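The values are calculated or read from the model by the stated rules, or taken from the named source; none is laboratory data. The model shown is predicted, which means the values in this text are computed figures rather than measured ones. So basically every Cβ, Gly included, is an ideal-geometry build from the backbone, and we count neighbours across all protein chains shown.
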Amino acid sequence: MLGWGKIRDKLREAFSGEMDEKALAAGFAVGVFFSFSPLVSLHTVLALLVALIFRLSKIAAAAGVWVNNPYTMPFVFYGCLRLGEWMLGSGFHPLACERWTLDAILRAAMPCIAPLMLGTTVVGLIAAVVAYGIVYRIAVRVKSARRNT
């Protein structure tokens, strides 16, 4: 898969540096969190901005953004939308447009914004916590193995 190759290459680059394991794992977790955001064009910018502000690994943040990639986004966003609707107690609202104008499409999409934002935030937080744990453990093992050689 296209995204996994990029993630692997970026993490190798990050592991080769002298970055603290916690900063490396937190940077990746930040990227993973933003990868689930519906603000698709801002994923990398937001992840890098947060990594810069909190002095986390920018390389790992950029790699984490690719966890949810263009191939998986439609399925993830649909699942997050449904999760958000379930959490808010609202039913599924099929989109219906009388005309295909920007105004009509935006009006039809309005009931989906809150459930989508809630669902992607919850899933993004869970994925970020899991990603932090996994990358932290890998980073500790890699750095420990390098010290022992």
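Tabulated data
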read-out: Conditions (1) in a helix (DSSP H, G or I); (2) over 18 Å from L46 (Cβ atoms); number of the one not met by V76; value: (2)
read-out: Residue identified as touching a Gly at 6+ places or on another chain (Cβ under 6 Å) and under 19 Å from L24 (Cα atoms) among V65, V50; value: V65
read-out: Test result for L83, out of contact with any Pro (no Cβ under 6 Å at 6 or more places or on another chain), surrounded by 12 or more Cβ atoms within 10 Å (Cβ to Cβ), aliphatic (A, V, I, L, M) and under 20 Å from Y132 (Cβ atoms); value: no
read-out: Identity of the residue in segment 23-40, closer than 17 Å to Y136 by Cβ and among the small types (G, A, S), that ends up modelled with the lowest pLDDT; value: A23
read-out: Residue check, L102 surrounded by fewer than 12 Cβ atoms within 10 Å (Cβ to Cβ), out of contact with any strand residue (DSSP E or B) (no Cβ under 8 Å at 6 or more places or on another chain) and aliphatic (A, V, I, L, M); value: yes
read-out: Residue check for A47: within 14 Å of G124 (Cα to Cα) and surrounded by 14 or more Cβ atoms within 10 Å (Cβ to Cβ); value: yes
read-out: Residue that is farthest from L116 (Cα to Cα) [pool: residues in segment 41-61 that are modelled with pLDDT under 95 and under 10 Å from the mean Cα position of the chain (by Cα)]; value: A61
read-out: Residue within segment 130-148 that is small (G, A, S), touching a Phe, Trp or Tyr at 6+ places or on another chain (Cβ under 7 Å) and surrounded by 12 or more Cβ atoms within 10 Å (Cβ to Cβ) present; value: yes
read-out: Close pairs (8 angstrom Cβ cut-off, 6 or more residues apart or separate chains): of a type in the set (F, W, Y) in segment 120-149, in a helix (DSSP H, G or I) anywhere; value: Y132/A25; Y132/A26; Y132/F28; Y132/A29; Y136/E21; Y136/K22; Y136/L24; Y136/A25
read-out: Close pairs from segment 68-92: first more than 14 Å from V122 (Cα to Cα), partner of a type in the set (F, W, Y), Cβ under 6 Å, at least 6 apart; value: N68/F36
